Every structure is written in structure tokens, then in C-alpha cells.
Ligand code: ADP
Ligand code: MG
């Protein structure tokens, strides 16, 4: 029975078949890791069953065949039935997203394979015919799936007797552009396993040809003979159990790729071993880049969790704090019971102790980067900083003490990212506030009029991320220094309002501006502009803008203080008109208010009237 591939699968396969990708060899990593996944699945079932399979029966085998020019990858895993074959090898499970389409377009194969689980199809980079023979554990029938040049696939019955899967690749013809015969060469295969699949948890076996001294060999007449023997190609010890000094950066990077934690090189890693109330070792990575779905609700945090050499959970979310949801890696502790269930795991005391250690390690590591490898830390922070901010915010501040020193903000004076501690260390001891300004981009904030009114030499943090202002409100202070917006009106300095001779005018302006203008002041601190708006109270102007974009039954507005530049021409005109021509005074008031709104990036109620007013006055 011939079947068509689903459209997206077809697209990916065409990409693979025609690929001139230079790392075609990664197909081996993909097929081996599928084999390993399949064994894992069987292993899980086994853990819960009464008569577990003998552990030695789990393996992956590479079978190169020179005569047929084929390479078979065999695993003793869960296997597939007919339905599985159609579902898993004929469609793409995690597709449908915009990111997927983008990746297909840019044909960055490595990324495509990694993010969308299309590893199986990578075999079409090296083979023009693929035969899968498989038998699902616990079922009677075995099946054969085959596909030539991705022209659909066929499924028939097979005689395979034992559970597991054999995938046979009929290698493409070698040519000037590429040597496909390397994939039947035992030395090359060993090399590829060592590079890409060294820490797969199950033995990867291969029958290899070796040479030994022949039985009839004598000292005078030395004779050698070839013989065949199974070798295990991969490391017998998981990487996290090895000694740091026996591992190179490349080993760590390869394990990261091998485990498909990410497809770039990792930014940094933590290899640790703690002994104490709980014994735990692990290898935790900080990725270079956030996965495409990181800031979506589909993303799931977690680390692989092992006990007694057995993976008991693929993604244990209980052992990593939300603040560090970006980490990837593995943790092993023999203090956890093997048959623990997902539900009890959450409340398990040992697990809580492990989580504590893990989070502490991550935090210390990040602090170390901040201190000793600033560039790396900034790379990290630009990618994942918003997650740390969100975590503080969502904890209603309870994580503040723990995380605030990991934050970076843009400094006006330094023209780069700085920490709160650096802000504090660099300011005059007489200052008691951390000043900040909020806006859409650093450039826009730099042109905020209120910045010109900041006392000479004082630094201001420029906050350009949406979450920043909410975060700052949550933080309130940093080591006794209160955060203060440069747009915040200081209600204490009310001297202007005491000047009784202008009280009439002030009241007039109040009457002729909207209700959210709660106060009007005359100022001699404004430079170059006739007027500006400051905020009073808890809702800021930036928040008003943010909230405006959201559907909400009530419009939330910042309380505004309109400040008018005492020495401006506009003020002079206003005072005059207030005496002689109240209609004109109204127009000027309206202009002063509207232009102050525009400067803050707020819209104005009636742009037509605004324009008319300008021309009338000119
Ligand atoms: P991914 O591994 O990311 O899911 P793949 O394209 O590599 O994507 O594999 C697709 C699916 O095919 C797997 O999820 C699995 O269900 C099935 N599969 C592939 N290889 C095997 C195998 N050796 N044994 C059992 N199932 C397999
Ligand atoms: Mg896979």
C-alpha cells in the first residue's frame, strides 16, 4: 500500500534530499538518538513492571554492509506498529508554527532538525532508499516501511522476530561532491559516534574487524589473522560522572548537541558534584540563544533527572526555579527513589533539597559570569534577562533579594548596561534615589525633556523593556535607595503655587485642561520647551500607554502635572491673553497641554483643533 507524505514532511524531505549541507554526517547522531529515545520508552515501562527486561538487552548496533553499500542502525527499543509508522514517519509532529516555515525557507538544516523533531528525515541526506523494519514491544506483528527518494512510502508486514527497530540506509552514490562510502567505514563510524553520540546511555555496538597474531605464528615466521569482534563505541560512563580534568570544552559542547539541548554552542556550563544532606551531581548548561518558543506558554522548563544510572524523568520542572527556566542539562542523585511518581516527586524532601542545590549553583555561576566574564554575562542577559525580571515580578517581590543583583539596566552616564550595585557604588553618598526613565527605546528615552532637568552628573537608568517599569514598581528600592522616575512630580516642592498673584491663572489652566491634569505648576527648570507633563501617583505615563493598547473596560490614566516654563514666550503670551482675551488664553492653554502630551508620546484628543489653534496664534 503506497502512501503520500504529508505536505510539510515532503517539503522537509526535499530539502534533505537536495541538501548540499556539509555536515550530512549528523544523520547518524539523529538516528542513534531516536534509537536511544526508543529504548528509554521501553525502559520506563520496564521500571514499573514486575519482571523487568535484562538491562544488557538494551543496545544500539551499527551494521555497515560493504557489499550492499548499506548502513543499518538497530535498536532494541519500543518499536513501532503500523499506526506509529504512519504517524511518526509520515508527518511532522511539531510543525505548523511560523518559526517552522521560516526555518524551512532559510533551510538552516541543523536548526530545523533540532527545533522541529525532523531528525529521521535527515537520513535522506545520505540515502536514496530507506527501509525500516520494526516490531512494537508487546505486539505480534512486525512491519516494514520503505521509501525511495521520498516518493511516498510503503508499509508491509515483516518477519522481524524481536522488538525494536532496524533502519537500513541505502547510501547514495559517491561522487566528486561527497563521499557517501565513509558511512560504511568502521573507523569513520567510530569517529562519528565519539564525536556526536559518545554519551548516549546505552551501548552502541559494532562488529569490527580486528587483527591478532595467528595461532600458527612463530617468532621466525610471524603470522597475523583478521577476526571479528563486537566493540562498544561510546563512553561507558556518563559525562557528568567523569572528572572535570578529563573533559575538554569540546566534550561539553558535544554532549550539549548530542543531547539536543540546543543547536548552537552552549554559552556556559556548570559541572558540579555536591555531597551533604543530599548527594547530587549534574551538568547544567546556559544556552547561547533562547529557543524559538521560549517566551511562549508552550515552553517547558526542566532538567533530565537520573537516579542510580537510570533516567527517571525527561524534564523535571520541580528542580529548577522559574527564574532559571532557560537552563538545560542533567542532574543525578541516588537519593531519589527509582519508582517515584510525578506527583510525589513534587513534595519529596530529597527533591526539594536537590532543587535548592541546583538553583544555588546556577545563581552562583551567573554571579561569577557577571563578575569575571562581563561580555558573556551581557550576552546571557540580553537573551534571558527578561525572564529573570518576570520571575521577580511574578513572585510579588519575594524573589527580590535573591535575584536583584543579577539585573542589568542601561546607564545614561556609562552608556552601557550596569548592575544596581554598580549604580549604587558610583553615585554620591548624599543621593538617596536611583533615577530612571522609561520609554520604547534607549534613543527615544535619551530625548525625554525631563532628562535635561536632572542634576548634573547624576546617572539615570534608561528602561526600554515593557516589563521594566512594572518590575521597578515591584522592587520599590534597592538597598535603601528608592527608585524614582525622572518624570515623577515631587509634590513637596509646591513653592510656585504659593505665588498668589498667579493663582487665578493656575486655576484657569486647571479648568481648561482634562481631569487627569491634577495640578499645574510654573517652573524655571525646563529648558528649551514651553511646557511638559510629569506624573503623580502610581500609574505612570508609560503605563498609561501600555494599558491603552489592552482591552479594558476603563481607561487607566496617569495623574498628570502640567509644568509651564516661566521664561518661555508662550507663558508670556498666556499671561497677556489671560488679562485681555480669555478665548485666546484657552487656545494657548490647550496648545501648551497638547504639545506636552506629544512630547511624552501620548496622543492628543483633537488633532484638528490642535492644528487650527497653532495657525490661529501664528
Ligand atoms: P523526534 O525524534 O524529534 O521526535 P524524528 O524525526 O527524529 O523526530 O522522529 C520522529 C518520530 O519517529 C519519533 O518521535 C518516534 O516516535 C519515531 N521514531 C523514530 N525512530 C524511531 C525508532 N528507532 N524507534 C521507535 N520510534 C522511532
Ligand atoms: Mg529524533
Residue 157, sole failed condition from (1) at pLDDT 90 or above; (2) crowded, with 17+ Cβ neighbours inside 10 Å: (2)
Filter result for residue 81 (over 32 Å from the mean Cα position of the chain (by Cα) and at pLDDT below 95): no
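Considering only residues of region 17-35 that are in a helix (DSSP H, G or I) and over 12 Å from residue 196 (Cβ atoms), which is farthest from ligand 1 (Cβ to nearest atom)?
Among those that are in a helix (DSSP H, G or I) and over 12 Å from residue 196 (Cβ atoms), it is 17.
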Enumeration of residues in region 282-310 that are surrounded by fewer than 19 Cβ atoms within 10 Å (Cβ to Cβ) and either assigned to a strand (DSSP E or B) or not assigned by TED's automatic domain parsing to the domain that holds residue 348 (or both): 310
Which numbered condition residue 351 misses (of (1) within 22 Å of the chain's Cα centre (by Cα); (2) buried (at least 18 other Cβ atoms within 10 Å of the Cβ)): (1)
Some residue of region 262-269 being in contact with a helix residue (DSSP H, G or I) (Cβ under 6 Å, 6 or more places away or on another chain) and farther than 23 Å from residue 316 by Cβ: yes
Segments classed as strands (runs of 3 or more DSSP E), wholly inside region 373-483, with at least 3 members that are farther than 24 Å from residue 532 by Cβ: 416-419
So residue 397, is it modelled with pLDDT of 95 or more, outside the structural domain of residue 297 (by TED's automatic domain parsing) and under 28 Å from residue 439 (Cβ atoms): no
Per-region count, region 160-186, residues assigned to a strand (DSSP E or B) and either within 16 Å of ligand 1 (Cβ to nearest atom) or under 36 Å from the mean Cα position of the chain (by Cα) (or both): 6
Failed condition for residue 337, given (1) assigned by TED's automatic domain parsing to the domain that holds residue 273; (2) in contact with a helix residue (DSSP H, G or I) (Cβ under 6 Å, 6 or more places away or on another chain); (3) not in a helix (DSSP H, G or I): (2)
Output for region 192-226, where each listed residue is at pLDDT 95 or above and either farther than 21 Å from residue 72 by Cβ or surrounded by fewer than 16 Cβ atoms within 10 Å (Cβ to Cβ) (or both): 207
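The values are calculated or read from the model by the stated rules, or taken from the named source; none is laboratory data. It should be emphasised that the depicted structure is a prediction, and the values quoted were computed from it without experimental measurement. Ideal geometry is used to build each Cβ from the backbone, glycine not excepted, and the neighbour counts take in all protein chains shown.
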